[in-house]
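The structure under discussion appears below in the form of structure tokens.
The values are calculated or read from the model by the stated rules, or taken from the named source; none is laboratory data. Keep in mind that this is a model prediction, so the values were computed, not measured. Every residue, glycine as well, gets a Cβ built from its backbone with ideal geometry; the counts of neighbours run over all protein chains shown. Side chains are part of the model used for accessible areas, which takes the heavy atoms of the whole protein and leaves out ligands, DNA and RNA. Shrake-Rupley method; radii C 1.70, N 1.55, O 1.52, S 1.80 Å.
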Amino acid sequence: MITLAASASGNILGGFGAGGLALILTAVLILGTKDSSEHPLPKNAALVIGLMAGVCYLGAGQLWGIPDDLIVSTMRGFGVGSGGGVLGNVTEPAVSLTLVVVAWFVRLKARTAGVLGIGMSSVFSVSGGVWAMVAMQVGEAMARFAG
């Protein structure tokens, strides 16, 4: 006789940790956007998985934090949020909305949409307001799942 019981924490699969969940989502993103994938991801799913992976990267730190560091450093290099960069007075929320416009209007391949989602997570997290709330809500959902 086999008896199945949930763990005390209620997490049946066990805890993954932020780095483990980042690894899993990255694997799904890479394998699901290959041309020869058995189960290809559509553009919108790849975008959402990229956003979730990016939030996990932020929480995992270490090597996983490199994409966020590059994106935020590039924005700072262009003077975004400083009030007088090379692009003029461009703020982080303006960059966030621009990324949403790109995701909505540009015909992206699934892999490109996934990379855009990773970038969105970094930009959203530094933008404040509703943008940071989106990143925070995704992060809380991922934290509950990661255990």
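The table below gives the values:
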{"read-out": "Those residues of the stretch 122-132 which are closer than 20 Å to Asp69 by Cβ and either assigned to a helix (DSSP H, G or I) or touching a strand residue (DSSP E or B) at 6+ places or on another chain (Cβ under 6 Å) (or both), in sequence order", "value": "Ser122, Val123, Phe124, Ser125, Val126, Ser127, Trp131, Ala132"}
{"read-out": "Any chance Gly65 is free of Cβ contacts under 8 Å to residues at least 12 places away in the same chain and open to solvent by less than 20 Å² (accessible area, probe 1.4 Å)", "value": "yes"}
{"read-out": "Hits in the stretch 76-127 (condition: open to solvent by 20 Å² or more (accessible area, probe 1.4 Å) and in contact with an Asp or Glu (Cβ under 6 Å, 6 or more places away or on another chain))", "value": "Gly81, Val126"}
{"read-out": "Single residue of Ala94, Ala53 found to be at pLDDT below 95 and in contact with a Leu (Cβ under 7 Å, 6 or more places away or on another chain)", "value": "Ala53"}
{"read-out": "Helices (runs of 4 or more DSSP H) wholly inside the stretch 29-121 that include at least 3 residues being under 26 Å from Gly15 (Cβ atoms)", "value": "43-60, 66-77"}
